[in-house]
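Read the structure below first, then the notes.
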Amino acid sequence: MTGFAHARFLLSVASLAQFPLDRGAEVAFAGRSNAGKSSALNAILGRSALARTSKTPGRTRLLNYFELDTGRRIVDLPGYGYARVSERERLGWEPLLARLRERRSLRGLFLIVDARREVAALDLALMDWVDSAPVHVLLTKADKLNRSEAARSLKSAQGTLAEGAGSSRVGPTTTTVQLFSAVTREGVDEARLKLLEWLEPAAAGGGSASGGHKKTPGTSGEATGAD
Ligand code: GDP
């Protein structure tokens, strides 16, 4: 499968007025700082340094949009999890995140979690934020785990997400989970397929034959490492 040869940085959003037009389809990427979000984005998009843009000075605290091709976008959310974020910054994001969630274009959330860590409260809060949109969890850095550890990580994440989905806090979110490594490229094709599925124009109005989203968390295919 090819990458996204025409992917390019589109713009950084720091205020409500700066969002791109709410047309087409977009998918959000979020995760704790250092979870491997930039590496995952670069691997999935097949562009070695694209997401580095989000790490350039002045942009790390913004919503960074990338255009894959006309009408299909990725929105890279600021990494979270470090207490250093000031109250002022946090208050600045909230309206942006609230607006993003309301956008008709938003098709789903890729949640980036280090496979060696538990799915944390902040990750679940993001699922809560995204409300009814589907969530796909990438358990990154899977190359740092052996087979049984990886299987355990997958199972544990599925369990946590099932609990989250069963709580009243989280809406009818569809969650899928997979192992991922930007280093070995395990799971890259699977993640691309999910992204493409969500960005399909047909997904816009519902009733897509390729839909079939389930409410229960599950793996969208255990990576066997046969690559
Ligand atoms: P971000 O802060 O979430 O965007 O994380 P980065 O993509 O910048 O990655 C944080 C660190 O983890 C860097 O040192 C990466 O080289 C490393 N890293 C990211 N993905 C992987 C992976 O799949 N495997 C391994 N072994 N290291 C990774």
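Each reported figure results from applying straightforward, stated rules to the coordinates on display, with no laboratory input. Small disclaimer: the values here were computed from a predicted structure and weren't measured. Positions of Cβ are generated from backbone atoms using ideal geometry, with glycine treated the same way; all protein chains shown enter the neighbour counts.
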In Å, what Kirkwood hydrodynamic radius results for segment 22-178 from the alpha-carbon pair distances?
16.1
Residue-wise, which Karplus ³J(HN,Hα) couplings in Hz belong to segment 63-77, taking 6.51 cos²θ - 1.76 cosθ + 1.60, θ = phi - 60°, and x for glycine or proline?
7, 9, 9, 10, 9, 7, 7, 3, x, 10, 10, 10, 10, 8, 8
Going 7 Å from the Cα of D131 toward and past its Cβ, which residues in segment 26-46 have a backbone nitrogen under 20 Å from where you end up?
26-30
What pairs from K37/K194; K37/K155; K37/K141 go past 19 Å between their alpha carbons?
K37/K155
Segment 12-70, relative contact order in percent, only Cα pairs under 8 angstrom and at least six apart counted
41
Mind checking the full-extension length gain between A120 and E163? Use 0.36 nm per residue of separation minus the Cα-Cα distance, one decimal, nm.
14.2 nm
Hey, fewest Cβ within 10 Å first, where do K141, K194, K55, K37 land in order?
K55, K194, K141, K37
Interchain or long-range residues, amide H under 5 Å from E26's placed H:
R73, L106, R107
Name the long-range amide H neighbours of Y80: under 5 Å, sequence gap of 5 or more, or other chain; modelled H, no Pro or chain starts.
G31, R32, S33
